[in-house]
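Single-structure report; data block below.
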Amino acid sequence: MALTKASLVDLNAGELILDLDADTSITADTDDTIHFKIGGTDRVTITGTALSPSSSDGSALGTTALEWSDLFLADGA
């Protein structure tokens, strides 16, 4: 299904499937939290105060070939 004009789509805590084998998706089934699932596993979580991996030691920031250039932290970090 292709969206042809801007409209509001309410998934009502449903899952937005992004690929053919249905193992990559976005869900917002917890209040004020967004989960990104890749390969059937939660990988990244976004809340009102944090962008975090869904599990400890679960995701890398960058790769050996695709590196971030700078990191800026708050004064108290």
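The values are calculated or read from the model by the stated rules, or taken from the named source; none is laboratory data. What you are looking at is a predicted structure, and each value in this text was computed from that prediction instead of being measured. Using ideal geometry, Cβ is built from the backbone for each residue, glycine included, and neighbour counts are taken over all protein chains shown. Keep in mind that these areas ignore ligands, DNA and RNA; they rest on the heavy atoms of the full protein, side chains included. Shrake-Rupley method; radii C 1.70, N 1.55, O 1.52, S 1.80 Å.
Using a cutoff of 8 angstrom between alpha carbon atoms and counting only pairs six or more residues apart, the relative contact order for the chain works out to 14 percent. For the chain, the Kirkwood hydrodynamic radius from C-alpha pairs, put into Stokes-Einstein at 4 °C and a viscosity of 1.567 mPa s, yields a diffusion coefficient of 86 µm² per second.
The residues neighbouring A22, those whose beta-carbon lies less than 14 Å from its own, together hold a net charge of -3 under the Lys/Arg +1, Asp/Glu -1 convention. Build a GNM of the chain with springs between Cα atoms under 10 Å apart, and of T27, T45, T64 the one that fluctuates most is T64. Ordering 66-72, 50-56 by mean Cβ neighbour count within 10 Å, with the highest value first, yields 50-56, 66-72.
Counting only protein heavy atoms and a 1.4 Å probe, tell me what percentage of the chain's accessible area is made up of carbon and sulfur. Carbon plus sulfur share of accessible area: 57 percent. Electrostatic tally near G58: other residues with Cβ closer than 11 Å to its Cβ, Lys and Arg +1, Asp and Glu -1, net -1.
Counting only protein heavy atoms and a 1.4 Å probe, the chain has 88 square angstrom of accessible area per residue. Comparing A60, A28, A13 in a Gaussian network model of the chain (Cα springs below 10 Å), the most mobile by mean-square fluctuation is A60. Report the net charge of residues surrounding T33, where surrounding means a beta-carbon distance below 15 angstrom and charges are Lys +1, Arg +1, Asp -1, Glu -1. Once all neighbours under 15 Å are counted, the net charge is -3.
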